[in-house]
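See structure below.
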């Protein structure tokens, strides 16, 4: 092709955002189908205890979405920011089509998250393999428990309280992050990429739960954590084991629902996926801040006994694979430009 022909050739067409959303829903539909098959196998229906994983999450997402849209409109309004000018910016940006695409992606995420939690609950019916993971940890750390090494290095008082707060901040971060993936993306197709990454990290995390069923070091080696102060972490660990026992004893009870699995660490995997979201959108300072938060999460999850050390790199690998799959799933090539126009 000559230079003149190259200059006159039409640009390569970018797949329409609706096509990317449809491809995402195919992945979600397959995952839900896996959940239905597992439900039939174990004879337990899908459950949403107190609306914790679907109904209330959609309601919270709606509130967060409104707040983030308002903030986005405020930041995008130039010069004098009056209520009328901000509202005009919001109306111009949030067309009916963009709102529909946003909720199409968000509902795909919520259905994935709901299915993930049900599959995670039924995973406790599989025999745990914590002894194997404990052995791996001890081999990697020359016969030592990585949690005990962290306790010796950091102490078991001030560091424990700091790491508990750090670890518990994860829930708030997730609640904010996936609506932010939709609102703060300049191009709606990049919003769908971000949601696809979140969808994939939950799907891949579920696969690792079934690959190596486990409960965590706090259950396998409770003596390693006896010196830690009593915090919400221990209360949650006791509650999760009680939920598991209840499900195993009464699987058909309407309130039988378990929430404990170790391999891989999705606290690490999802946090790394959120970091990837900042990187995808070229938010350098946010990426650095999230990298620091990820490092603290990696320490906290082992220190507090939620996860084995080998769960941490597994979580990082899941996030990396999720971000490799996400743009390919929805047909997007490459990250958005540094100062890209508002568009599809």
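Derivation of every value follows stated rules applied to the coordinates shown; laboratory data play no part. Note that the structure is predicted; figures quoted are calculated from it, not measured. Heads up, the Cβs are rebuilt from the backbone with ideal geometry, glycines too, and the neighbour counts pull from every protein chain shown.
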### Message
Just to confirm my numbers, what's the Cα centroid distance between segment 242-303 and segment 108-150 in Å?
### Response
11 Å
### Query
Using Cα atoms only, what is the angle between the long axis of helix 311-330 and the major principal axis of the chain, expressed in degrees (0 to 90) to the nearest 10?
30 degrees
### Summary
Rounded to the nearest 10, the angle in degrees between the Cα long axis of helix 266-280 and the longest principal axis of the Cα atoms of the chain comes to 20 degrees
### Message
Helix 188-211 against the longest principal axis of the chain: what's the angle in degrees, Cα atoms only, rounded to the nearest 10?
### Response
20 degrees
### Task
Take the alpha carbon gyration tensor of the chain, find the square roots of its eigenvalues, order them as a ≥ b ≥ c, and report rounded if a/c is under 1.5; if not, report prolate when a/b exceeds b/c, else oblate.
prolate
### Ascending count of other beta-carbon atoms within 10 Å, so fewest first, for 170, 141
141, 170
### Summary
Of 188-197, 208-217, ordering from highest average Cβ density within 10 Å down gives 188-197, 208-217
### Task
Rank-order 115-125, 16-26 by packing density, defined as the average count of other C-beta atoms within 10 Å over each peptide's residues, highest first.
115-125, 16-26
### Query
Taking only DSSP H segments of four or more residues, each worth -39500 (n - 2.57), what value at 222 nm results for the chain once the sum is divided by all its residues, to the nearest 500 deg cm²/dmol?
-23500 deg cm²/dmol
### Summary
Ordering 44-55, 96-107, 320-331, 79-90 by per-residue average of other C-beta atoms within 10 angstrom, highest first, gives 320-331, 96-107, 44-55, 79-90
